[in-house]
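The values are calculated or read from the model by the stated rules, or taken from the named source; none is laboratory data. These numbers come from a predicted model, not from an experiment. Cβ atoms come from the backbone with ideal geometry, glycine included; neighbour counts cover every protein chain shown. Heavy atoms of the whole protein, side chains included, go into the accessibility calculation; ligands, DNA and RNA do not. Shrake-Rupley method; radii C 1.70, N 1.55, O 1.52, S 1.80 Å.
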Amino acid sequence: MNRCEWCDEHSYLYTQYHDDQWGVPQHEDQKLFEMLVLEGFQAGLSWLTILKKREAFQIAFDSFDPTIVSQYDQSKIEELLQNKEIVRNHLKIYAAIQNAKVFLQIQQEFGSFDQYLWGYVNHTPIINQFKTLRDVPASTELSDRISRDLKARGMKFVGSTIIYAFLQAVGVVNDHTSQCFKYPTK
């Protein structure tokens, strides 16, 4: 089976993520929050590092329930900073808490984060037609707009490149390359 060039076929985690999750439209708010947080934690690291720690992140961050994460206090922050199973970056931990608060505000305003996010693309995934990984951009006008809005609302670690990776991960944008078996043919 041909996969996107970025997918390390020697890693079960990578192939499973590529085959079953990446580029698949996600509409569940808690999963959207999880991916937003994980993409922020990935900044400066490899995605494989995050995948290897994903289960530990899910436990440490209370299954990425934004209501719970938004209420983390200093003792919980200290607990996270001591957790060797996750990425222990205090700025990213604080960002996850701040982003949970903003996430809840967006849910309140739009009815769900799903409605907010998918509204940018009229609730229809963008299917790109890239042949190789070199053709895939690091950011786009869409990720620029969403990034600017999220930053204006108070989110952190939501630069355009992080947001574009998030959009790819949750299927708002489908960037499976044309040689990949997951490339949409219809």
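Scanning region 1-38 for residues being open to solvent by 60 Å² or more (accessible area, probe 1.4 Å), assigned to a helix (DSSP H, G or I) and not aromatic (Phe, Trp, Tyr) gives a total of 5.
Taking first residues from region 8-35 that are on the phi > 0 side of the Ramachandran plot and partners that are not in a loop (DSSP other than H, G, I, E, B), the Cβ contacts under 6 Å between residues at least 6 apart in sequence or on separate chains come to Gly23/Asn174. Please verify whether Glu109 is open to solvent by 80 Å² or more (accessible area, probe 1.4 Å) and over 27 Å from Thr15 (Cα atoms), treating the condition exactly as stated. Taking the combined requirement at face value, the residue satisfies it. Within the set Gly119, Gly44, Gly111, the sole residue that is under 18 Å from Arg145 (Cβ atoms) and not aliphatic (A, V, I, L, M) turns out to be Gly119.
Of the residues making up region 88-122, those that are in a helix (DSSP H, G or I), of a type in the set (S, T, N, Q) and within 22 Å of Gln168 (Cβ to Cβ) are Asn99, Gln115.
Entry remark, region 112-146: residues being in contact with a Ser or Thr (Cβ under 8 Å, 6 or more places away or on another chain) and open to solvent by 80 Å² or more (accessible area, probe 1.4 Å) number 2 in total.
Does Lys53 meet the test of being touching a Phe, Trp or Tyr at 6+ places or on another chain (Cβ under 9 Å), crowded, with 18+ Cβ neighbours inside 10 Å and either assigned to a helix (DSSP H, G or I) or not polar (S, T, N, Q) (or both)? Give the derivation first.
Details: touching a Phe, Trp or Tyr at 6+ places or on another chain (Cβ under 9 Å): yes; crowded, with 18+ Cβ neighbours inside 10 Å: yes; either assigned to a helix (DSSP H, G or I) or not polar (S, T, N, Q) (or both): yes.
Against the criterion (touching a Phe, Trp or Tyr at 6+ places or on another chain (Cβ under 9 Å), crowded, with 18+ Cβ neighbours inside 10 Å and either assigned to a helix (DSSP H, G or I) or not polar (S, T, N, Q) (or both)), Lys53 qualifies.
Taking the condition of being in contact with a Lys or Arg (Cβ under 6 Å, 6 or more places away or on another chain) and open to solvent by 20 Å² or more (accessible area, probe 1.4 Å), how many residues in region 71-100 meet it? Break it down stepwise before answering.
The first filter runs over region 71-100 and keeps only residues in contact with a Lys or Arg (Cβ under 6 Å, 6 or more places away or on another chain), leaving 81, 86, 95, 98.
This time we only want the ones that are open to solvent by 20 Å² or more (accessible area, probe 1.4 Å), so: 81, 98.
The total comes to 2.
Return a yes/no flag: does region 170-186 have any residue that is part of a helix (DSSP H, G or I) and open to solvent by less than 40 Å² (accessible area, probe 1.4 Å).
If we filter region 170-186 for residues that are part of a helix (DSSP H, G or I), which is where we start, we get none.
No, there is no match, as no residue in region 170-186 is part of a helix (DSSP H, G or I) and open to solvent by less than 40 Å² (accessible area, probe 1.4 Å).
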